[in-house]
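What follows is a single structure, written as structure tokens, with notes after it.
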Amino acid sequence: MTSFFIRRARPEDYEALCAIFAEVDALHSEALPEVFRKADPPRTREFVSGIIADENAALFVAESGGAEQHPKVIGFVLARIERSRDIPIMLPRRYAVIDDLAVLNRFQRRGVGLVLMEKVHQWASGKGVTQVELNVAEFNQGAIAFYERLGYKTRSRRMWKSLK
């Protein structure tokens, strides 16, 4: 059993966050090389600092540790508050969007992702929103099953066609 706790990300978490981004980005660039590429660093310090400073965004990290261990960031969730487009057919609404959820491979299936999602749901609720949305790649069947277990449903499908 992995001992961990959830907290807000801090600027000094940048290197650890990049290691996790690199792991999940590799999965995406291998599965969808026509869309994703490997980048070094996977995110800029400015990107991470901007999220941390944004009152309409949240970056929570899962940190392992106990009395015998040095704390280590093992996962994170990134969410932001959005508003619906201002067009007549759309109902005006604010909602949360989960941009990223990632847990280091060796810590997966230990409840880390679940607790991160619970934390972001609490944060979103505290921001007065009643809906959370996310995008998940079709190839990532494990993630789809995870989100479905949490009660997420498919509302729309984004499709594409290569013209090459």
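Numerical summary
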| read-out | value |
| --- | --- |
| Where SER162, SER64 fall by accessible area, highest first, once all protein chains stay in place (1.4 Å) | SER162, SER64 |
| Estimated 222 nm signal from helices in the chain, with DSSP H stretches of n ≥ 4 weighted -39500 (n - 2.57), rounded to 500 | -10000 deg cm²/dmol |
| Rounded to the nearest 10 Å², the accessible area of GLU30 at probe 1.4 Å | 130 Å² |
| Counted charge near ALA53, where neighbours are those whose Cβ lies closer than 13 Å (Asp, Glu -1; Lys, Arg +1) | +1 |
| FRET efficiency for LYS38 and PHE5, using Cβ-Cβ distance with R0 set to 30 Å, rounded to 0.05 | 0.45 |
| Convex hull volume of the chain per residue (C-alpha atoms, cubic angstrom) | 149 Å³ |
| Which listed pairs, of LYS38/LYS164; LYS38/LYS72; LYS38/LYS127; LYS72/LYS119; LYS72/LYS153, have C-alpha distances above 28 Å, in listed order | LYS38/LYS127; LYS72/LYS153 |
| Cβ-placed point charges (K, R +1; D, E -1), dipole of the stretch 1-107 about Cα centre in debye, nearest 20 | 320 debye |
| Environment charge of LEU134, counting only residues whose C-beta is closer than 13 Å and scoring Lys/Arg +1, Asp/Glu -1 | -1 |
| Cα-centre dipole for the stretch 111-160 with unit charges at Cβ (Lys and Arg positive, Asp and Glu negative), debye to 20 | 120 debye |
| Length added when fully stretched, ASN56-GLN122, from 0.36 nm per residue minus Cα-Cα | 22.4 nm |
| Electrostatic dipole magnitude of the stretch 53-164 [Cβ: Lys, Arg +1; Asp, Glu -1; Cα centre; debye, to 20] | 500 debye |
| Exposure rank, largest accessible area first [THR130, THR154; 1.4 Å] | THR130, THR154 |
| Taking the chain and dividing mean pair separation by its residue count, relative contact order in percent (alpha carbons under 8 Å, at least six apart) | 20 percent |
| Computed accessible area, MET90, all protein chains, 1.4 angstrom probe, square angstrom | 70 Å² |
| Options VAL132, GLY113, TYR152, ranked by Cα towards positive dipole end of the stretch 107-153, top entry (Cβ charges) | GLY113 |
| Accessible area in square angstrom per residue, the chain, 1.4 angstrom probe | 68 Å² |
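The values are calculated or read from the model by the stated rules, or taken from the named source; none is laboratory data. Here the structure is a predicted model, which means the values were calculated and not measured. Cβ coordinates were reconstructed from backbone atoms using ideal geometry, including for glycine residues, and neighbour counts include every protein chain displayed. Surface accessibility is based on the protein's heavy atoms, side chains included, excluding ligands, DNA and RNA. Shrake-Rupley method; radii C 1.70, N 1.55, O 1.52, S 1.80 Å.
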